[in-house]
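Below is one structure; the comments refer to it alone.
The values are calculated or read from the model by the stated rules, or taken from the named source; none is laboratory data. Keep in mind that what you see is a predicted model, and the values were worked out from it rather than measured. Note that we place each Cβ from the backbone using ideal geometry, even for glycine, and neighbour counts take in every protein chain shown.
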Amino acid sequence: MYKSKVLKLSLLFLVFIFVVSFSLFGCKKAAAPVEEEAPAEEVTEEAAGVEAPKSEVTIDLWFQDWAGGKSWIEAWKPVFEEKYPTIKINLTFLPFEELNTKIFPAIAAGNEADLMMFYDEWLLAKDPSKIFAPITPQLYTIDEIGEATFESALGRVTGSDGEIYGVPWGTGANAAGILIHKDLFDEAGIDPASLQTWDDVKDAAKKLTKYNDDGSIARSGIIFTYTEAANLYLDMIVGQGAGEELLNSETGEWNFNIPEAKSSLELLKWFVDEKVFDPQSGDPFTSFPNKLAAMLVIGPWSLGAWGDQYPDLKLDYIYMPKYPGVDKNVHTVVSWACMAISKRLEGEKRDAALLYVKEFLENPEFYNIPFTNGYWVGVPGSKPYVDSVVKLAAEGNAPTRAAEIAAMVASQYVPSINLLPTKISEPELIRAVIYPELQNVFFGDKTVDEVLNYLTTMLTTKEQENM
């Protein structure tokens, strides 16, 4: 009897424990979503954010040593330091070649600068997440950085983890258009805005060409002797819809023996055959400023390159005319100047570097400096800045002609970027292979077909070596 009562009491006690346990733990588990796991998710969707250091920190920066860039970044230094008094920037200027060859060995050795300027095409076949510190989500979320800069500029600085590891702040926009002598256009009665197609360019080149008494060219209507003719050549081919025929990224095979490649090269050669382009006119950095040509295919960066050096020249710029029968241009080889942060940085020093990067994209003064002083006229990497200047220009209130040109080119150039999926670096592809072959055609040393065959064989070999 006693045992029976004990058993019953024990069973009642166990039932009581079960009910209480279920009430405490089962209900709590069910209520967990109500207790807001959501806020934790919302936090991860927001950029971690950074604050200015409370104590003074010094950031070492490697930057390319070119005249305009040096003037630009030196003028920007006091602007930034005034806004962030606890951050000091120590500038080191390196020539292009040295900057290119120094960064990655320095990172491997652990003695790189805190901040580094580089060109995104240097990241071919590299994972930026293994090289630089992340920009997202520490500074921006993926959505936020897509509002701050152009998504088409983020491909090469995106790591294997999907995060962003560098900020694209500008590109010279090679072969984005044509540099012109405005006074020569005025003399010939040509409105630069009327050059909408390559047929328009042909007509203008004929009117702008001047001849010596012996029939030789005294002034070319247009010149193509710079390497950017090679950029234009690829753009013309892909702009006709032949990108996949030109390069098979899976097999690494190039094929210039296609109608689009031949017609594009023949279009460029037309200007030589019609004697409106003298390929013997020499280096455009000498011939064009001396008015040995009225037009030059080049990026808008050239306006800054010559702005201070030749203040008497009346230069202007037009966006690249469309290939016959094509609705829009395509730009296939683009190199963005970027800023990246060392993975070694921590704490306030990391925050200081992130703030420097943030100002590149958000502070309009960063671009106003070069545009106002003529240091540089390229495509800005700041989407808000471009949009604002385009709006001001439409209202007739652009801050400067240089800013207006940069924004105008950017608004058309950036949406037209369609990078070739090549693993060959820009210096090798454009400067070492295609450009010399274009020269061979211009000088009459090779036929069009000979060049097409050579490019097909040579670039296929180089592409497959890099796969």
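Within the stretch 275-392, considering only helices (runs of 4 or more DSSP H) that don't extend past its boundaries, which have at least 3 residues that are more than 17 Å from the chain's Cα centre (by Cα), under 24 Å from I434 (Cβ atoms) and modelled with pLDDT under 95?
Values: elements: 284-287, 301-307, 347-362, 365-373.
Where helices (runs of 4 or more DSSP H) fall fully within the stretch 275-392 and carry at least 3 residues being more than 17 Å from the chain's Cα centre (by Cα), under 24 Å from I434 (Cβ atoms) and modelled with pLDDT under 95, they are 284-287.
Go through the stretch 415-426 and count every residue that is under 24 Å from F96 (Cα atoms) and part of a helix (DSSP H, G or I).
Number satisfying all stated conditions: 1.
For the stretch 81-118, what are the residues that are buried (at least 20 other Cβ atoms within 10 Å of the Cβ) and aromatic (F, W, Y)? Lay out the reasoning, then the answer.
Taking the stretch 81-118 as the starting set, the residues that turn out to be buried (at least 20 other Cβ atoms within 10 Å of the Cβ) are 87, 89, 99, 103, 112-118.
Within the stretch 81-118, just F118 meets the criteria.
Mind checking which helices (runs of 4 or more DSSP H) fall wholly inside the stretch 78-190 and carry at least 3 residues that are more than 29 Å from T332 (Cα to Cα)? So that I can check it myself, show each step before the final result.
Values: elements: 96-109, 142-148, 182-188.
Once the helices (runs of 4 or more DSSP H) in the stretch 78-190 are filtered for at least 3 residues that are more than 29 Å from T332 (Cα to Cα), what remains is 96-109, 182-188.
Could you please give the count of residues in the stretch 364-383 that are more than 23 Å from N174 (Cβ to Cβ) and in contact with a strand residue (DSSP E or B) (Cβ under 9 Å, 6 or more places away or on another chain)?
Quick first cut of the stretch 364-383, residues more than 23 Å from N174 (Cβ to Cβ) only: 364-365, 368, 372.
Narrowing further to those that are in contact with a strand residue (DSSP E or B) (Cβ under 9 Å, 6 or more places away or on another chain): 364.
Total meeting the criteria: 1.
Please verify whether G241 is at positive phi and within 25 Å of the chain's Cα centre (by Cα), treating the condition exactly as stated.
Working: at positive phi: yes; within 25 Å of the chain's Cα centre (by Cα): yes.
Here the answer is yes, as G241 does meet what is asked.
Quick one: count up the residues across the stretch 428-467 that are under 24 Å from the mean Cα position of the chain (by Cα) and either surrounded by fewer than 18 Cβ atoms within 10 Å (Cβ to Cβ) or hydrophobic (A, V, I, L, M, F, W, C) (or both).
10
Hey, does the stretch 209-224 have a residue that's touching a residue at least 24 places away in the same chain (Cβ under 8 Å) and assigned to a helix (DSSP H, G or I)?
No: zero hits.
Considering each residue of the stretch 204-229, count those that are hydrophobic (A, V, I, L, M, F, W, C) and over 35 Å from the mean Cα position of the chain (by Cα), and give that number. Step through it out loud before you land on a result.
Applying the first criterion (hydrophobic (A, V, I, L, M, F, W, C)) to the stretch 204-229 yields 204-205, 208, 217-218, 222-224, 229.
Next, from what is left, pick out any that are over 35 Å from the mean Cα position of the chain (by Cα): 217-218.
Total meeting the criteria: 2.
Take L429 and decide whether it is farther than 19 Å from D120 by Cβ and either assigned to a helix (DSSP H, G or I) or among the polar types (S, T, N, Q) (or both).
Numbers: farther than 19 Å from D120 by Cβ: no; either assigned to a helix (DSSP H, G or I) or among the polar types (S, T, N, Q) (or both): yes.
So L429 does not fit the description; no.
Would it be correct to say that D186 is free of Cβ contacts under 8 Å to residues at least 24 places away in the same chain and among the acidic types (D, E)?
Spelling it out, D186 is indeed free of Cβ contacts under 8 Å to residues at least 24 places away in the same chain and among the acidic types (D, E).
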